Amino acid sequence: MKKARSYSVILALLFFIFLAVAGCSEGQDRAESDSKKLSFAFPWSPKSLDPHGSDSWEVMRSGAGETLVKLNEDLKPEPWLASSWERKDRKTWTFTLKKNVSFHNGEKMSAESVKKSLLRSNEKDSKIKDLLNLETIRVIDDHKIEIVTKQPNEALISHLADPSTIIAEVSTLDEKEEYPALTGAFKFEKFNKDESLIMKRNEEYWGQKARVKEIDIKFISDGNTRLMALQSGDVDGAVDISTDQISVLKNSDNINVLTAPSLRTHMMMFNMSSARVTNLSVRQAIDKVLPREEILTSIMKNEGTKGNGPFPEVLSFGKVKQSQENQSFDSLMKQGGYTKEDGVWTKGGEPLQLTMLTFPQRPELTVMAETIQSSLLKEGIKVKVRSVENIDDVLAEDNWDLSMYSMLTAHTGDPQYFLNLFYNSKSPANVSHYNSAEVDKLLTELNQTSGEKEREKIAIKIGNQINKDIPQSFIVYPNTVFGVNEKVKNFEPSPIEYYYITPNIDVSMS
């Protein structure tokens, strides 16, 4: 009996020791997690933290916002705040919402709160009107809503991944004394406009909790300053590293360079309202001599691929025909009504001189503009490069011939939005003033066609027609370049430019 009692005492002591060690270990893990912090340098600063409108991308990048639908690594839509959806007819969709989601202020996400959030976004952002084409949103029960569109919207599910559809507790969005309450793994702690945004872990997050306690986002618009902040250790990671800085970072012992094929297209636009480039033969001639290979190798350091259409070829609908023109540059210019005098192309005695716009926010575009300027000068066309601070405002003035531009062309993984936005003859965002009855007809067909393969075929037809008409010259599809300190773990470079801060991001404490 005494021996049995001794064994019982020993087992009890071992059990208590195990509990104490486990508790100590758990406490250490919690303390280590609570001390983990990271900082990142982003190039663009939001004017506000309102998720509905022009600042939605930056809000999504912070890790605070979530949408009903998310794009996976194959750019296909999958559930996020919605758990599932069903199509009832060509204009009616039913969405079932996740049940365990709370906003950052503790309020539960419900069908009513989702409805209010989507309606507010639709009211504030003209882009959402185009993306969703909403007729009505109806609450079916606490966790189910019905969305009815005005016309069949075959891309509705993909478009619900757009950051402007971030789900928010609407009552907090117009409160000056508090930050917006969203649903993400991080929540807003402190915002200093144009300077920084501090994010804290959302301890009540519905999904996998963030591995780090705090993320400090610094807004540094200048690329060289972002580079120096990364090199000095002032930040742990930097977004949108210039390609000419890659070699510098690769020589650093403690910094990793990460790249991802982007869905962005660097292009040169023609102003179809300018008499100097209205003639197709002139556009064909200019497009023919663009130094794409030189730009890719010398300026982009091979971080990207040569452009051939509106969409990069990593997308199935980006595989369009190569624009081919068998005529020489000189014969095309003569076909356009120009003659060459003393090495300069003229018409009616007037030399052809073009104005090309560029802008400083993407410095590689200015270098591209200067390279193109040099190539055209060798062929007898003078180009004046003009840098402007707000490119979109100046494009609307119509007093330009050529312009460098960069667009994220398929940010929802579907071709419909960008093609409608940029090439529909009635779209106010059609800044090239491109007018094609054939493309307008195909766009109407695309908007009403279901089935991925069928939509892909129509989008390729549109791309081929655009390549034939040349309202833009597509130069390069750039890679997105990131620099991160070697202690940063699980930072996944994504072709989708707003999935940067995730719960998985971690930092080594050793």
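The values are calculated or read from the model by the stated rules, or taken from the named source; none is laboratory data. Given the structure is predicted, the values throughout are model-derived calculations rather than measurements. Cβ sites come from the backbone with ideal geometry, for glycine too, and all protein chains shown count toward neighbours.
The rows are residues; the columns are (1) of a type in the set (Asp, Glu); (2) part of a helix (DSSP H, G or I); (3) in contact with a helix residue (DSSP H, G or I) (Cβ under 9 Å, 6 or more places away or on another chain); (4) outside the structural domain of Val314 (by TED's automatic domain parsing).
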residue	(1), (2), (3), (4)
Lys218	no, no, yes, yes
Ser221	no, no, no, yes
Asn224	no, yes, yes, yes
Leu230	no, yes, yes, yes
Val248	no, yes, yes, yes
Ser252	no, no, yes, yes
Asn256	no, no, yes, yes
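For region 468-493, name all the residues that are surrounded by fewer than 21 Cβ atoms within 10 Å (Cβ to Cβ) and either in contact with a Cys (Cβ under 8 Å, 6 or more places away or on another chain) or closer than 13 Å to Asp240 by Cβ (or both).
Matches in region 468-493: Pro493 only.
Taking the criterion of being at pLDDT below 95, under 22 Å from Tyr434 (Cα atoms), assigned to a loop (DSSP other than H, G, I, E, B) and in contact with a strand residue (DSSP E or B) (Cβ under 9 Å, 6 or more places away or on another chain), would at least one residue in region 286-294 satisfy it?
For region 286-294, residues at pLDDT below 95, under 22 Å from Tyr434 (Cα atoms), assigned to a loop (DSSP other than H, G, I, E, B) and in contact with a strand residue (DSSP E or B) (Cβ under 9 Å, 6 or more places away or on another chain): absent.
Within region 389-402, can one find any residue that is touching a Pro at 6+ places or on another chain (Cβ under 7 Å) and surrounded by 14 or more Cβ atoms within 10 Å (Cβ to Cβ)?
Looking through region 389-402, none of the residues is touching a Pro at 6+ places or on another chain (Cβ under 7 Å) and surrounded by 14 or more Cβ atoms within 10 Å (Cβ to Cβ).
In region 258-285, which residues are part of a loop (DSSP other than H, G, I, E, B), under 22 Å from Asp469 (Cβ atoms) and either free of Cβ contacts under 8 Å to residues at least 40 places away in the same chain or not small (Gly, Ala, Ser) (or both)?
Selection gives Asn271, Met272, Ala275, Arg276, Val277, Thr278, Asn279.
Conditions (1) in contact with a strand residue (DSSP E or B) (Cβ under 8 Å, 6 or more places away or on another chain); (2) surrounded by fewer than 22 Cβ atoms within 10 Å (Cβ to Cβ); (3) touching a residue at least 24 places away in the same chain (Cβ under 8 Å), marked per residue:
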| residue | (1), (2), (3) |
| --- | --- |
| Glu73 | no, yes, yes |
| Ser83 | yes, yes, no |
| Arg90 | no, yes, yes |
| Lys127 | no, yes, yes |
| Ile140 | yes, yes, yes |
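Each row is one residue, and each column tells you yes or no for (1) more than 14 Å from Phe317 (Cα to Cα); (2) without any contact (Cβ under 8 Å) to a residue 60 or more places away in the chain.
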site	(1), (2)
Val439	yes, yes
Glu445	yes, yes
Ser450	yes, no
Lys457	no, yes
Ile460	no, no
Gly463	no, no
Ile466	no, no
Pro471	yes, no
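Taking region 310-326 on its own, how many of its residues are surrounded by fewer than 22 Cβ atoms within 10 Å (Cβ to Cβ) and part of a helix (DSSP H, G or I)?
Within region 310-326, residues that are surrounded by fewer than 22 Cβ atoms within 10 Å (Cβ to Cβ) and part of a helix (DSSP H, G or I) number 1.
Listed residues Ile220, Ile255, Ile215; which is in contact with a Leu (Cβ under 8 Å, 6 or more places away or on another chain), within 30 Å of Leu296 (Cα to Cα) and modelled with pLDDT of 90 or more?
Ile255
Pick from region 172-210 the residues that are in contact with a His (Cβ under 7 Å, 6 or more places away or on another chain) and in a loop (DSSP other than H, G, I, E, B): which of them is farthest from Ala238 (Cα to Cα)?
Among those that are in contact with a His (Cβ under 7 Å, 6 or more places away or on another chain) and in a loop (DSSP other than H, G, I, E, B), it is Ala181.
Return the residues of region 34-56 that are under 15 Å from the mean Cα position of the chain (by Cα), surrounded by fewer than 20 Cβ atoms within 10 Å (Cβ to Cβ) and not acidic (Asp, Glu); say none if nothing qualifies.
Once the filter is applied, which keeps residues that are under 15 Å from the mean Cα position of the chain (by Cα), surrounded by fewer than 20 Cβ atoms within 10 Å (Cβ to Cβ) and not acidic (Asp, Glu), region 34-56 yields Pro43, Trp44, Ser45, Gly53, Ser54.
Of all residues being surrounded by fewer than 20 Cβ atoms within 10 Å (Cβ to Cβ) and over 23 Å from Ala41 (Cα atoms) in region 177-204, which is modelled with the lowest pLDDT? Just the residue, please.
Going through the qualifying residues, I end up with Glu177.
Could you go through region 374-382 and let me know if any residue there is in a strand (DSSP E or B), touching a helix residue (DSSP H, G or I) at 6+ places or on another chain (Cβ under 6 Å) and either in contact (Cβ under 8 Å) with a residue 24 or more places away in the chain or over 30 Å from Arg455 (Cβ atoms) (or both).
No, region 374-382 has no match at all.
Output the qualifying pairs, or none if there are none: Cβ atoms under 6 angstrom, residues six or more apart or on different chains, first residue in region 327-342 and surrounded by 12 or more Cβ atoms within 10 Å (Cβ to Cβ), second residue part of a loop (DSSP other than H, G, I, E, B).
Phe329/Val289; Gly336/Asn279; Lys340/Gly380
Quick one: would you say Glu86 is over 15 Å from Tyr499 (Cβ atoms) and part of a strand (DSSP E or B)?
Yes: the conditions hold for Glu86.
Is it the case that some residue within region 128-139 is assigned to a loop (DSSP other than H, G, I, E, B) and either basic (Lys, Arg) or at negative phi (or both)?
no
Given (1) over 19 Å from Asp342 (Cα atoms); (2) free of Cβ contacts under 8 Å to residues at least 60 places away in the same chain; (3) buried (at least 16 other Cβ atoms within 10 Å of the Cβ), where does Leu365 come up short, assuming only one miss?
(2)
Of all residues in region 156-176 being out of contact with any Leu (no Cβ under 8 Å at 6 or more places or on another chain) and not β-branched (Val, Ile, Thr), which is surrounded by the most Cβ atoms within 10 Å (Cβ to Cβ)?
So, considering only residues that are out of contact with any Leu (no Cβ under 8 Å at 6 or more places or on another chain) and not β-branched (Val, Ile, Thr), the one surrounded by the most Cβ atoms within 10 Å (Cβ to Cβ) is Pro163.
Yes/no per residue for (1) over 15 Å from Trp44 (Cα atoms); (2) over 22 Å from the mean Cα position of the chain (by Cα):
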position	(1), (2)
Asp216	no, no
Ser247	yes, yes
Ser252	yes, yes
Val257	yes, no
Ser262	yes, no
